[in-house]
Amino acid sequence: MIRSVKSGTSTLTEDGQQPPRQAVRYGYWCECWTEDLTEQRGRALLASFDAYSASQADRWVAVALRTISPALDADASDEAWEWLYEGRIETRRALLRAEPCKVSVTHARTRITWTIRPVLFLPLACRQDTELPACAYRFKAHATVSDPS
């Protein structure tokens, strides 16, 4: 029997051991990038999102496209709505086959690209927890050498 007790900042079982960790979880890593097509600058990451289903992943892109479509030029708006009406189902099917997907629209001199990749989420540290994982407290910082000048 595992009964958890709080000990300082970590949760331990009665025998002082860490409780079993969550299993690896399948999901999708989603990103939104922009690229200025006239500059020599590289791409810039605007947002990222961890989705736990194909529908959640493609919905993230769909919401973004619907939100920005009124501000896009006519060609880019047409690209966005074409994906929303016809391309989205193909994206969902590809995600269910564990294939990465990409959706892009070009507005003026800027390309906006959403990428969705199947991933395995490892339970190393929960981004929503307020506590650090127990392994963080086992880390011992090494002594550093100061500058002699």
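The values are calculated or read from the model by the stated rules, or taken from the named source; none is laboratory data. Note that the structure is a prediction, hence the values are computed from the model and not measured. When we count neighbours, we look across all protein chains shown, and the Cβ atoms used for this are built from the backbone with ideal geometry, even at glycine. All accessible areas refer to the heavy atoms of the entire protein, side chains included, with ligands and DNA or RNA removed. Shrake-Rupley method; radii C 1.70, N 1.55, O 1.52, S 1.80 Å.
Do you know which residues across the stretch 47-56 are surrounded by 13 or more Cβ atoms within 10 Å (Cβ to Cβ) and among the hydrophobic types (A, V, I, L, M, F, W, C)?
F49, A51, A54
Applying the selection to the stretch 101-112, what residues are touching a Lys or Arg at 6+ places or on another chain (Cβ under 9 Å) and either surrounded by fewer than 16 Cβ atoms within 10 Å (Cβ to Cβ) or of a type in the set (D, E, K, R) (or both)?
Start the filter on the stretch 101-112 by keeping residues that are touching a Lys or Arg at 6+ places or on another chain (Cβ under 9 Å), which leaves 101, 103-105, 111.
Scanning the stretch 101-112 gives S104, R111.
Is it true that E79 is surrounded by 12 or more Cβ atoms within 10 Å (Cβ to Cβ) and among the acidic types (D, E)?
yes
Could you identify the single residue in R59, R41, R93, R66 that is closer than 21 Å to R25 by Cβ, open to solvent by 70 Å² or more (accessible area, probe 1.4 Å) and out of contact with any strand residue (DSSP E or B) (no Cβ under 6 Å at 6 or more places or on another chain)?
R59
Show me the strands (runs of 3 or more DSSP E) entirely contained within the stretch 35-128 in which 3 or more residues are of a type in the set (D, E) and modelled with pLDDT of 95 or more. Please lay out each step first, then the result.
On the way: elements: 44-51, 101-107, 110-121.
Output list is empty.
T110 is checked against (1) of a type in the set (V, I, T); (2) in contact with a strand residue (DSSP E or B) (Cβ under 7 Å, 6 or more places away or on another chain); (3) closer than 28 Å to Y26 by Cβ and fails just one. What number does that condition carry?
(3)
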